[in-house]
Amino acid sequence: MERIEKLLRMSRDTKGASESEIMTALKAARSLMTQLGIEECDLEMDDNARSATVEKTEAVVKSELLKWEQIVIVAVSRITDTRGVTVCMGRRFKVVFYGVGSDSQLAAELYRALIVAIRSAARLNGFRDTSGKRAAYRSYCYGYSCGLCDKAATAQAAAALQLGAMVIHKGAAIKKHLEKTAPDLRTTKSTKSRVDTAAFTMGKKDGRRADLGSKKIN
């Protein structure tokens, strides 16, 4: 990307470069853009992404963070082009999203909404978070979050093909921000849990059918 930008700057240098040098630089830039599937509008979006400020938004603080709730963090990160992390604070856990501009706020809101939606889907399917039934309930939620994560990965790949440079540099901007402001940041590992295969399979099927474009996840 930097190589293309350098060549385009050379092609616009009407004072310091000869006509031959300008044409050579422009031809080389267009050749690279064709190879990478990049257009000039992608470069403009790239500039905006790199100049944008990386913000962080706290989604939730809990005394326990279940495996399926952590997988939802990954799904949301993929959907919103953000980086979700789980921070251990003694006996409590904090879920925080880092993103360019308002992306982190959107991610935090989506995370909270998805947690509620997945719990509601579990109850609608007859699962209950009560003694004796908790394993099946959590297995359904675990399956749903895995299915949702798979679908989010597919959507992320499609977005990367369309938006290219902007998606790449959003990720680079967030990574650079974290390296500078939180170099020792660590995320928690998922806790082990017993899985009810039938409930997990049902949940995963429902998660894969979720409408990511809807404000209400079905």
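The values are calculated or read from the model by the stated rules, or taken from the named source; none is laboratory data. Since the model is a prediction, treat every value here as computed from it, not as a measurement. For neighbour counting, all protein chains shown are included, and Cβ atoms are generated from backbone atoms with ideal geometry for every residue, glycine included.
I'd like the residue in segment 22-69 that is in contact with a helix residue (DSSP H, G or I) (Cβ under 7 Å, 6 or more places away or on another chain), basic (Lys, Arg) and part of a helix (DSSP H, G or I) and, out of all such residues, is modelled with the lowest pLDDT.
Here the residue is 50.
Scanning segment 175-203 for residues that are touching a helix residue (DSSP H, G or I) at 6+ places or on another chain (Cβ under 9 Å) and β-branched (Val, Ile, Thr), which turns out modelled with the lowest pLDDT? Please lay out each step first, then the result.
First pass over segment 175-203, keeping only residues touching a helix residue (DSSP H, G or I) at 6+ places or on another chain (Cβ under 9 Å): 185, 187-203.
Going one step further and asking which of them are β-branched (Val, Ile, Thr), we end up with 187-188, 191, 195, 197, 201.
On the way: 187: 48, 188: 45, 191: 50, 195: 86, 197: 93, 201: 95.
Filtering segment 175-203 for residues that are touching a helix residue (DSSP H, G or I) at 6+ places or on another chain (Cβ under 9 Å) and β-branched (Val, Ile, Thr), the one modelled with the lowest pLDDT comes out as 188.
Rundown of residues vs (1) among the hydrophobic types (A, V, I, L, M, F, W, C); (2) within 14 Å of the chain's Cα centre (by Cα); (3) farther than 13 Å from residue 210 by Cβ, yes/no style:
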site: 73; (1), (2), (3): yes, yes, yes
site: 83; (1), (2), (3): no, yes, yes
site: 89; (1), (2), (3): yes, no, yes
site: 93; (1), (2), (3): yes, no, yes
site: 97; (1), (2), (3): yes, yes, yes
site: 109; (1), (2), (3): no, yes, yes
site: 119; (1), (2), (3): no, no, yes
site: 126; (1), (2), (3): no, no, yes
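Name the residue that is nearest to residue 196 (Cα to Cα), counting only residues in segment 113-159 that are free of Cβ contacts under 8 Å to residues at least 60 places away in the same chain and not in a helix (DSSP H, G or I).
Among residues in segment 113-159 that are free of Cβ contacts under 8 Å to residues at least 60 places away in the same chain and not in a helix (DSSP H, G or I), the one nearest to residue 196 (Cα to Cα) is 133.
Condition (residue is touching a strand residue (DSSP E or B) at 6+ places or on another chain (Cβ under 8 Å) and of a type in the set (Lys, Arg)) applied to segment 90-106: is it met by at least one residue?
Checked against the condition, which is being touching a strand residue (DSSP E or B) at 6+ places or on another chain (Cβ under 8 Å) and of a type in the set (Lys, Arg), segment 90-106 yields at least one hit.
Does residue 64 fit the bill of being crowded, with 22+ Cβ neighbours inside 10 Å and more than 14 Å from the chain's Cα centre (by Cα)? Steps first, answer last, please.
Numbers: crowded, with 22+ Cβ neighbours inside 10 Å: no; more than 14 Å from the chain's Cα centre (by Cα): yes.
No.
Name the residue that is nearest to residue 178 (Cα to Cα), counting only residues in segment 92-112 that are charged (D, E, K, R) and part of a strand (DSSP E or B). Spell out how you get there, then give the answer.
First, the residues of segment 92-112 that are charged (D, E, K, R): 92, 94, 103, 109, 112.
Remaining after also requiring part of a strand (DSSP E or B): 92, 94.
Values: 92: 21, 94: 16 Å.
This residue is 94.
Filter segment 70-91 for residues that are surrounded by fewer than 19 Cβ atoms within 10 Å (Cβ to Cβ), at pLDDT below 90 and over 19 Å from residue 181 (Cα atoms) and give the result.
90, 91
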